[in-house]
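Here the structure is laid out as structure tokens; the discussion comes afterwards.
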Amino acid sequence: MKSKYGVTLLLLTAILAFSTALAHFSCIFFGPECYSIQMAPEFIVESAKQGTIVAPIGAILAAILFIIPGCYALSGAHIIRKLPLLTLGIYTIATLCIIRGLLPIQLWLRKPDKVTDVVLYVGIVWLIAGLFYLFGYKSASKVNV
């Protein structure tokens, strides 16, 4: 029997991942301002302003990078079928999220003037998401007899 606690954590990470993917897709329709708000590199913002294909392709690729972890979270929660290399995938995603979350936090602790509030908050969300992947999967994959 899967743990409801673990399933809940994985569902939250899936919602976060799919919401982020949707936000990236939305830039294709909302234009250069959307890319700027989401802190896209300047060449992507310029591409959007000029109407070239680079910005939409970048948005699609970024969205795909969030759809994949969302699918792995749903698979780990046993909502969809088991994906290939599920355990390795979940632990890799969790590790990358935790590292991504710790980087701005450690920089803020050492040099607070170099980190904006938004970057710090985003780092905290990444850290929490990584921990949710880790503990959610560990809890959801336990079998109680």
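What follows is calculated from the coordinates using simple rules that are stated; it is not laboratory data. Please read all numbers here as calculations on a predicted model, not as lab measurements. Quick reminder, even Gly has a Cβ in these numbers, built from the backbone with ideal geometry, and neighbours come from all protein chains shown.
Observations on the model:
- Both the radius of gyration and Dmax for the chain are 17.1, 60 Å, in that order, over alpha-carbon atoms.
- Residue of Y35, Y72, Y121 that the Gaussian network model of the chain assigns the largest fluctuation, springs spanning Cα pairs under 10 Å: Y121
- Tilt relative to the chain, helix 117-140 - C-alpha long axis, 0 to 90 degrees, to 10: 20
- Crossing angle, helix 4-30 versus the chain [Cα axis fit, 0-90 degrees, rounded to tens]: 20
- Helical content of the chain, expressed as a calculated mean residue ellipticity at 222 nm, amounts to -27000 deg cm²/dmol (DSSP H runs of 4 or more residues, -39,500 (n - 2.57) each, divided by residue number, nearest 500).
- For the chain, modelled as a GNM whose springs connect Cα atoms under 10 angstrom apart, the maximal fluctuation among T87, T52, T95 occurs at T52.
- Over the chain, Cα pairs under 8 Å with separation of 6+ residues give a relative contact order of 37 percent.
- Per DSSP, loop trypsin sites (Lys or Arg not before Pro) in region 29-114 with at most 13 further Cβ within 10 Å: R81, K82
- Cα-based helix-to-principal-axis angle, 54-76 vs the chain, degrees rounded to 10: 10
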